[in-house]
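Notes follow the structure.
The values are calculated or read from the model by the stated rules, or taken from the named source; none is laboratory data. Remember, it's a predicted structure, so these values are computed and weren't measured experimentally. Ideal geometry is used to build each Cβ from the backbone, glycine not excepted, and the neighbour counts take in all protein chains shown.
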Amino acid sequence: MKPISLTVGAFASECYLVALPDVLVIDPGDDAAVIETELNAIDAAVSAYLLTHGHADHISALAKLVEKHPAPVYLHEADAVWAFTEANQMPPFYAPPLSAPENMMKLRDGQTLRFGAHTVEVIGTPGHTPGSVCYHFRGEKCLFSGDTLFSGSIGRTDFPGGDARQMQSSLLRLAALAPETVVYPGHGPATTVAQERRINPFMRS
């Protein structure tokens, strides 16, 4: 599996397009026109929008994309309660994304999603936000980690709803995945579980 990575928005968030052959859109954070152009180039239907967490820099392009490419939206229930309210803004960069999608599916830890022949395991990884999740394609040995795990670092835990102890528990779960699992984070370059176990001080601890 080789997703298309688009770096979008003021905080350089990563939006991923995964063609299965229908497209999964993971974390459409901003720059809807850029994402739309890439979707048109792929020329395939959008099967779902997968959100790793609710922060505005990961969901702000969602409303415009869903309008043109309707599909179910998946977000953990703990983040769904605030992601589309005034609480979710990052001035002056992001206004609150107030348009909650009508077809939003609220996730829980341990759920399995199926898209054609592909299976996605939902791993609850609270710490950055209460409802942070990672999407694990076990068969393809890849993980979309959102802002839980970065190359050489992790997501912040000092935002509202963040929790450092929960983050450590979440990292333990990720450290137990197959070492060759490729990790596609919410910011920055891809890495592997083995690499992070070697060099990431938060994973090593």
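Considering region 17-31, and only residues there that are over 14 Å from Pro70 (Cα atoms) and surrounded by fewer than 23 Cβ atoms within 10 Å (Cβ to Cβ), the residue that is farthest from the chain's Cα centre (by Cα) turns out to be Pro21.
Restricted to region 32-133, the set of helices (runs of 4 or more DSSP H) holding at least 3 residues that are out of contact with any helix residue (DSSP H, G or I) (no Cβ under 9 Å at 6 or more places or on another chain) and farther than 18 Å from Phe159 by Cβ comprises 32-42. Looking at region 164-196, which of its residues are in contact (Cβ under 8 Å) with a residue 24 or more places away in the chain, in a loop (DSSP other than H, G, I, E, B) and over 16 Å from Gly131 (Cα atoms)? Across region 164-196, the qualifying residues are Leu177, Ala178, Glu180, Thr181, His187, Gly188, Pro189, Ala190. Report, ordered by the first and then the second residue, all pairs with beta carbons closer than 7 Å, sequence separation of six or more or different chains, a first member in region 67-81 that is over 17 Å from Gly127 (Cβ atoms), and a second member that is surrounded by fewer than 15 Cβ atoms within 10 Å (Cβ to Cβ). Once the first residue is over 17 Å from Gly127 (Cβ atoms) and sits in region 67-81, its partners that are surrounded by fewer than 15 Cβ atoms within 10 Å (Cβ to Cβ) give Pro72/Asn103; Val73/Asn103. I'd like the residue in region 157-172 that is of a type outside the set (A, V, I, L, M, F, W, C) and surrounded by 15 or more Cβ atoms within 10 Å (Cβ to Cβ) and, out of all such residues, is farthest from Trp82 (Cα to Cα). The selected residue is Gln168.
Conditions (1) of a type outside the set (D, E, K, R); (2) at pLDDT 95 or above; (3) out of contact with any Leu (no Cβ under 9 Å at 6 or more places or on another chain), marked per residue:
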| site | (1), (2), (3) |
| --- | --- |
| Tyr135 | yes, yes, no |
| Lys141 | no, yes, no |
| Ser145 | yes, yes, no |
| Phe150 | yes, yes, yes |
| Arg156 | no, yes, yes |
| Pro179 | yes, yes, yes |
| Ala190 | yes, yes, yes |
